[in-house]
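Colleague: Can you keep this structure in mind? I'll have questions shortly.
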Amino acid sequence: MRSAAQATVGLRTGLAALVALYLLLAALYAWLTPAWQNPDEPAHYNYIRQLAENGSLPVLQPGDYDQQYLADIVARNFPPQLSIDALRYEGHQPPLYYLLLAPVYRASAGSLLALRLGSALLGALLVLCAGLAAWEYFQPQLPLALAAAAFVAFIPQHVAMLASVNNDALAELWMMLGFWLLLRSAAAPNTHNYWLLSLVLGLAFITKATVYILLLPALLALWLDWRAGRSTPAASIAKLLPALLLGGLWWARNAAVYGWPDVLGLQRHAAVVVGQPRTADWLAQFGAAQFLRRLLATTFNSFWGQFGWMSAPMSGAIYALLGLLCAAICAGLWLGRASAATSKNTLRQRQHMLLLAGAAGTLLAFLYYNLSFVQHQGRYLFPALLPLAIVATHGLNVWAQRCALHWPATSRAANWLPLGVALLLAALCGWALQIVAGIGTAAQ
């Protein structure tokens, strides 16, 4: 009992420290990033403004997206004489994030910084949920749980996005909370967890389509319970009712506004964003090989940090070091494959399946989106950040244990190696602030 109590205190203390450091960095990003220099921030801001000032949800219509005007205002770094009012192309998004931020808009008289800080607070809850989910997976290995949470908290691009006006922060919060409930249910299946998971899934449905993939691991968990004789098909369907009810209200509204079967507004969005770069055009222009190289390089760079509207990358040396980090993680996973393959831990196998379902769904959604539009942005992989962080922690931990085996004197310190590496990302976040703050300073 004493050991369990110490672990609980250690977890609370460690997560509090990580959340505090995240909040400091996120506040700096919110403060130092020039106005509108985050992807799609003006359009998200205009959604909040309409709700706060008019009390009505926007309806996406032709004219809400002007590719030439958008390219011009972005290229000129949003000069004051060019209004952002015409950038309304996020009007098809589900409403929950904007409803939560509308009171902040009214209380702050529309302050962009206040709205950014509101998003950053949602990001703090996301980091907390990531730590709790990682603890469900790694316990009683506290250093590894904290390392996974730190990977989620301190990827520079992730901090930049969480500190912007964008519904990603709330969407990823539901994803992290869903993963936590799923990992808890894997350890101790109970109806209470599933009802909470269904509620979280419903909230995800009315937040952003990119996290609809939470449905995949949720369905997998219900199927595994049915297969193990712990549930029936009827009971499983009943557990999904809160999610379907919440989502159904939004889908019915869209069917009435945009017509059947466009219940997500995505068909209207595709028709409105005329001029947005299309994959077919790029394939014709560059060829398949060069297109693939661009996709991989840009996705990798922008996953770690390519700020503004993809116009402010980090240095090539930084990306090279991050590439070496990824190679070391992969090598560690390869070296540790034998013990992973021989594991007979049923709980661990179930957790792996649930995490894999969420990660695979995110990757497939990213690839599907890029079949139509050129969207080589690593931020679209952030809904899978918890599985990726757990994988990174595993890979580094293999190296840590090998160091402890060869140099026994380092055994205690080796347990903290993954967390130490993850905290280096926090230092990288601080370094990257100079890049963020310098966006748009060149004379136009």
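The values are calculated or read from the model by the stated rules, or taken from the named source; none is laboratory data. This is a predicted model, so every value here is computed, not measured. For neighbour counting, all protein chains shown are included, and Cβ atoms are generated from backbone atoms with ideal geometry for every residue, glycine included.
Colleague: Would you check if Gln276 is free of Cβ contacts under 8 Å to residues at least 40 places away in the same chain, polar (S, T, N, Q) and over 30 Å from Arg402 (Cα atoms)?
Modeller: No; evaluated as a whole, the condition is false for this residue.
Colleague: Only one of these is surrounded by fewer than 18 Cβ atoms within 10 Å (Cβ to Cβ), touching a residue at least 24 places away in the same chain (Cβ under 8 Å) and polar (S, T, N, Q): Ser372, Ser411. Name it.
Modeller: After ruling out the rest, the residue left standing is Ser372.
Colleague: Report yes if some residue within region 283-305 is within 20 Å of the chain's Cα centre (by Cα) and not in a helix (DSSP H, G or I); otherwise report no.
Modeller: Yes: region 283-305 contains one or more residues that are within 20 Å of the chain's Cα centre (by Cα) and not in a helix (DSSP H, G or I).
Colleague: Give the residue that is farthest from Thr207 (Cα to Cα), with candidates limited to residues of region 62-98 that are exposed (fewer than 15 other Cβ atoms within 10 Å of the Cβ) and within 28 Å of the chain's Cα centre (by Cα).
Modeller: Applying the filter and picking the extreme gives Ala75.
Colleague: Using beta carbons and a limit of 7 Å, which pairs, at least six apart or on different chains, have the first residue in region 175-187 and under 14 Å from Trp135 (Cβ atoms) and the second one outside any helix (DSSP H, G or I) and of a type outside the set (Asp, Glu)?
Modeller: Hits for this filter: zero, empty list.
Colleague: Right, here's the next one. Condition test on Gly378, is it within 16 Å of Phe300 (Cβ to Cβ) and touching a residue at least 60 places away in the same chain (Cβ under 8 Å)?
Modeller: Criteria met by Gly378.
Colleague: Shifting gears a bit: Restricting the search to region 12-64, which residues are outside any loop (DSSP other than H, G, I, E, B), more than 21 Å from Leu126 (Cα to Cα) and small (Gly, Ala, Ser)?
Modeller: Selection gives Ala43, Ala52.
Colleague: Quick check: anything in region 245-264 touching a residue at least 60 places away in the same chain (Cβ under 8 Å), more than 30 Å from Tyr69 (Cα to Cα) and touching a Leu at 6+ places or on another chain (Cβ under 6 Å)?
Modeller: No, region 245-264 contains no residue that is touching a residue at least 60 places away in the same chain (Cβ under 8 Å), more than 30 Å from Tyr69 (Cα to Cα) and touching a Leu at 6+ places or on another chain (Cβ under 6 Å).
Colleague: I would also like to ask the following. Please go through region 84-122 and give me each residue that is touching a Leu at 6+ places or on another chain (Cβ under 7 Å) and under 17 Å from Thr33 (Cα atoms), ordered by number.
Modeller: Within region 84-122, Leu115, Gly118, Ser119, Ala120 meet the criteria.
Colleague: Something else about it: If you scan region 183-242, which residues turn out to be buried (at least 22 other Cβ atoms within 10 Å of the Cβ) and at pLDDT below 90?
Modeller: Ser185, Ala186, Tyr194
Colleague: Sort through Leu196, Leu214 and tell me the only one that's in contact with a Leu (Cβ under 9 Å, 6 or more places away or on another chain), more than 30 Å from Ser111 (Cβ to Cβ) and without any contact (Cβ under 8 Å) to a residue 24 or more places away in the chain.
Modeller: On inspection, the qualifying residue turns out to be Leu196.
Colleague: For region 316-410, list the helices (runs of 4 or more DSSP H) that sit wholly inside it and hold at least 2 residues that are under 24 Å from Gly131 (Cβ atoms) and within 24 Å of the chain's Cα centre (by Cα); which are they?
Modeller: In region 316-410, 316-335, 346-372, 385-406 are the helices (runs of 4 or more DSSP H) which contain 2 or more residues that are under 24 Å from Gly131 (Cβ atoms) and within 24 Å of the chain's Cα centre (by Cα).
Colleague: Can you report the number of residues in region 81-136 which are assigned to a loop (DSSP other than H, G, I, E, B) and among the aromatic types (Phe, Trp, Tyr)?
Modeller: Residues that pass the stated criteria total 1.
Colleague: Take Leu363 and tell me if it is at pLDDT 95 or above and surrounded by fewer than 17 Cβ atoms within 10 Å (Cβ to Cβ).
Modeller: yes
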